[in-house]
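Here is the structure we will look at, set down as structure tokens.
The values are calculated or read from the model by the stated rules, or taken from the named source; none is laboratory data. On a predicted model such as this, the values are computed, not experimentally measured, just so you know. Using ideal geometry, Cβ is built from the backbone for each residue, glycine included, and neighbour counts are taken over all protein chains shown.
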Amino acid sequence: MSASRGSTSIAAPEGHPGPVARAVDVVLDPRAAFEAVAARPAWFGTFLIIVALRFGSAFVFYRPDVTAGKLVAGVVFQVVTIGPMLLAAAGLLWVTTRVWGTRLVWPTAVSITAHLYLAHTIASIGVASIAGALLPASVDVDPRDPPFTSLRSLALGSGSLAVRLLGEIDLRSAYAVTLLAIAIRTAVPQASRGRVAGVIVTCFAIRLLAVAWSATS
């Protein structure tokens, strides 16, 4: 079966790691994870893990009242918010790599984006868990935007554009950029460091422009 036709499969063919193994590798051995992505760009299992982590962390940190309706609504909310965002980010990555001559194929771009988002989610939950253990119980910790990770505290005015932009410059972004560089070099070995850097800088600049536009609109 071709990589593109098998890209939504959860089960792993013989010789290929499944989504859980890839989730572990993307944290412990990113190069191995992205070698598996390059060989077989599966993404659907990774997407389900992201939904489960985001949904589960919301219950752990906020402890809402649980009903069957809330469970279903919560899962649906995660799917309809994460799915389009992942596809948009994958589209940006796919177009940018073509502009810079690295030319990721679409299934690989989607799979790389999903695994980057997974790593970002794991890092966010991990930092939020540590912060929750260290800070007083009266301090609310947001697992989507944990403390101690960004330059936001250096800016004055909670709603200013500077705060929004500084919030994008954080340890999790640096982590994601590092993983993206590994992913592109693994998927497109012939890509030069300059072209890889061009892809990363372009994607991050567009992200900052989007944040600035949303803050001023």
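The figures follow:
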{"quantity": "Single unsatisfied condition, P136 versus (1) in a helix (DSSP H, G or I); (2) over 29 Å from A42 (Cα atoms)", "calculated": "(1)"}
{"quantity": "Residues of segment 179-197 that turn out to be of a type in the set (S, T, Y) and in contact (Cβ under 8 Å) with a residue 60 or more places away in the chain, as a count", "calculated": "1"}
{"quantity": "Helices (runs of 4 or more DSSP H) enclosed by segment 29-128 - at least 2 residues per element that are of a type in the set (V, I, T)", "calculated": "44-62, 68-99"}
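For (1) under 23 Å from D25 (Cβ atoms); (2) surrounded by 14 or more Cβ atoms within 10 Å (Cβ to Cβ); (3) modelled with pLDDT of 95 or more; (4) under 12 Å from the mean Cα position of the chain (by Cα), each residue gets a yes or a no:
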residue: T102; (1), (2), (3), (4): yes, yes, no, no
residue: P107; (1), (2), (3), (4): yes, yes, yes, no
residue: V110; (1), (2), (3), (4): yes, yes, yes, yes
residue: A114; (1), (2), (3), (4): yes, yes, yes, yes
residue: A123; (1), (2), (3), (4): yes, yes, no, yes
residue: A131; (1), (2), (3), (4): no, yes, no, no
residue: V139; (1), (2), (3), (4): no, no, no, no
residue: S153; (1), (2), (3), (4): no, no, no, no
